[in-house]
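Structure first, commentary second.
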Amino acid sequence: MKKTISTFALGAALVGLLPGCSTNTHGDDAAPVFLSGEFTERPLIKLLTDATPLQFKTTTLHNVLKVPGAASTQFLDVNVDSCSVRWTRIDGGTVASKTEQFGVGVIVPAGGSSTLNNYQYMSAAALLLPPLDQLYPFNGGIDRETGSTEIRQMGHVTWFGHTLAGQFVQSDEVSFDMVFMYGGAAGRVGGKLVR
C-alpha cells in the first residue's frame, strides 16, 4: 500500500512540474480580466491651425472577464493608470509622429465600462514636431515624402493599469486613422497643391 501511495504522490508532483494548459483566453498574463477600448466619438481630421491637443469627445473602456460567467468582485476593478499612443504612416510616408504616454486615472468596474471625455491622443507640442511641422506654411506647407498638403497617420493605443488586487493589466492595441492638415482645402485637390 505504501508503494502505491508513494508512486501516486511522485506522479502528481511530476504533473505539477509540467507546463500547464492555460484557460486564459486573452494572453497568458496573470490577471483574470483584460481591457478593451473603443472610440465612440472622434474627429476624422485634425487642423494644425487649431493649436490644441488631438482629443476625442468620447472613449469607452471595457473591463472584460477572461472567463465569462466567473464571479467578479471589486478586487477585479481596474485602475487605468496610463495609455501609450504609437503612430505609423498610412499615406506612403515613412516618418511618423513619436510615441507619447498620457496619464488616465479612471477605474473600470469588473465586467463593466467607463467613459473618458475629451481625452487627448496627441499633445499640442507634438503637432509642431516632425513630420507634421512640414505642413505649416513657414516650412513649405507640403510633406516632403509624399508631396501632399496633408499627412495621414494611424494611432495605435494601448492602455495600462492594475486590478485593485494589484495585478498588472494591459489592453491590446486599438487603432484609429487621422488626417492632419494645416487649414482649409482652398487651392488643393485631393491633398495635392494645385499650381
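Filtered by the rule that a residue be at pLDDT below 90 and either touching a helix residue (DSSP H, G or I) at 6+ places or on another chain (Cβ under 7 Å) or part of a loop (DSSP other than H, G, I, E, B) (or both), segment 160-190 gives G183, G184, A185, A186, G187, G190.
Determine if segment 121-128 includes at least one residue that is surrounded by 15 or more Cβ atoms within 10 Å (Cβ to Cβ), in a loop (DSSP other than H, G, I, E, B) and within 17 Å of the chain's Cα centre (by Cα). Looking through segment 121-128, at least one residue is surrounded by 15 or more Cβ atoms within 10 Å (Cβ to Cβ), in a loop (DSSP other than H, G, I, E, B) and within 17 Å of the chain's Cα centre (by Cα). When each of T4, T52 is tested for being modelled with pLDDT under 80 and not in a strand (DSSP E or B), the lone residue that passes is T4.
For (1) in contact (Cβ under 8 Å) with a residue 40 or more places away in the chain; (2) within 16 Å of L54 (Cα to Cα); (3) not in a strand (DSSP E or B), each residue gets a yes or a no:
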{"site": "G92", "(1), (2), (3)": "yes, no, yes"}
{"site": "V95", "(1), (2), (3)": "yes, no, yes"}
{"site": "K98", "(1), (2), (3)": "no, yes, yes"}
{"site": "F102", "(1), (2), (3)": "no, yes, no"}
{"site": "V106", "(1), (2), (3)": "yes, no, no"}
{"site": "T115", "(1), (2), (3)": "yes, no, no"}
{"site": "N118", "(1), (2), (3)": "yes, yes, no"}
{"site": "D143", "(1), (2), (3)": "yes, no, yes"}
{"site": "T146", "(1), (2), (3)": "yes, no, yes"}
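Among the residues in segment 67-85, are any modelled with pLDDT under 95, crowded, with 16+ Cβ neighbours inside 10 Å and over 16 Å from L164 (Cα atoms)? No, that holds for no residue.
Does S97 meet the test of being farther than 23 Å from S148 by Cβ and of a type in the set (S, T, Y)? Answer is no for this residue.
For first residues located in segment 161-185 and in contact (Cβ under 8 Å) with a residue 40 or more places away in the chain and surrounded by 16 or more Cβ atoms within 10 Å (Cβ to Cβ), partners that are among the acidic types (D, E) and in a strand (DSSP E or B) and lie 6+ apart or on another chain with Cβ distances below 6 Å form the pairs G161/D81; V179/E150; M181/E150.
Would a scan of segment 136-153 turn up a residue that is modelled with pLDDT of 95 or more, within 15 Å of the chain's Cα centre (by Cα) and within 24 Å of G37 (Cβ to Cβ)? The answer is yes, given that some residue of segment 136-153 is modelled with pLDDT of 95 or more, within 15 Å of the chain's Cα centre (by Cα) and within 24 Å of G37 (Cβ to Cβ).
The values are calculated or read from the model by the stated rules, or taken from the named source; none is laboratory data. Being a predicted model, the structure only gives us computed values, none of them experimental. Heads up, the Cβs are rebuilt from the backbone with ideal geometry, glycines too, and the neighbour counts pull from every protein chain shown.
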